[in-house]
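Trainee: What follows is a structure written as structure tokens; I'll ask about it next.
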Amino acid sequence: MYSNLKPNQKLVEVREKYKTLREYLIETDNRDFEDIYHEIPLIAYERMSSSVGYNVNKGQEIGICIDGDVNEIFHVLLHELAHCVVDEYTHSEEYWKKFDTLKTIAITLGVYKSIPEESPFCGKHVSDK
């Protein structure tokens, strides 16, 4: 039996933005981000119990909560992508530099808008502070 399930529209939009970002990184040969040139599978959750996203083995898969707007969801994706391009698993100084660079690139491409103030998202908050 086949079901006629429509894909989640927010996830579709996030994947389109993610594709635009990846294509730009590849076209510009940005070696700082070559570990995310390939498409990483995205797993969507309406709610997550203790976080807004996760990353398995630095890019084997990324799980993201989709209980928010597309920009907030993409913010979480950028956060998780930054974990893929640093050696450590913590939020180190190098991690924050890569995350900020990814956000700047995404803003320049028009696929992300800065979140200057804390915004409720999936039972937590997101922001660019």
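Derivation of every value follows stated rules applied to the coordinates shown; laboratory data play no part. From a predicted model like this one, the values you see are computed outputs, not experimental measurements. All Cβ positions, even for glycine, are placed from backbone atoms using ideal geometry, and neighbour counts span all protein chains on display.
Trainee: So which chymotrypsin sites (Phe, Trp or Tyr not before Pro) in the stretch 24-106 are both in a DSSP loop and have at most 15 other Cβ atoms within 10 Å of their Cβ?
Mentor: Tyr37, Tyr89
Trainee: Which far-off residues, 5 or more places away or on another chain, put their amide H under 5 Å from the one on Glu61, with H placed in the peptide plane?
Mentor: For Glu61, whose amide H was placed from the backbone, the distant partners under 5 Å are Val56.
Trainee: If you don't mind, there's one more thing I want to ask. Distance cut-off 23 Å, Cα to Cα: go down the list Lys10/Lys113; Lys6/Lys124; Lys6/Lys58; Lys19/Lys124 and report the pairs above it.
Mentor: Over 23 Å apart, Cα to Cα: Lys6/Lys124; Lys6/Lys58; Lys19/Lys124.
Trainee: Can you work out ³J(HN,Hα) from phi for every residue in the stretch 69-84, in order, using Karplus 6.51 cos²θ - 1.76 cosθ + 1.60 and θ = phi - 60°, giving whole Hz and x for Gly and Pro?
Mentor: Going residue by residue, I get 7, 4, 5, 5, 5, 5, 4, 5, 4, 4, 4, 5, 4, 4, 5, 6 Hz, with x marking Gly and Pro.
Trainee: Hey, any idea what the orientation-averaged projected area of the convex hull of the chain's Cα atoms comes to, in nm²?
Mentor: Directional mean of the projected Cα hull area for the chain stands at 8.7 nm².
Trainee: Give, as a single signed number, the net charge of other residues whose beta carbon lies under 12 Å from the beta carbon of Glu80, with Lys and Arg counted +1 and Asp and Glu -1.
Mentor: Cβ neighbours under 12 Å give a net charge of +1.
Trainee: So what is the relative contact order for the chain, in percent, with contacts set as C-alpha pairs under 8 Å and at least six apart?
Mentor: Normalised by residue count, the contact order of the chain is 22 percent.
Trainee: When the helices in the chain are scored as -39500 (n - 2.57) per DSSP H run of 4 or longer and the sum is shared across all residues, what 222 nm value do you end up with, to the nearest 500 deg cm²/dmol?
Mentor: Helices in the chain give a 222 nm mean residue ellipticity of -13500 deg cm²/dmol.
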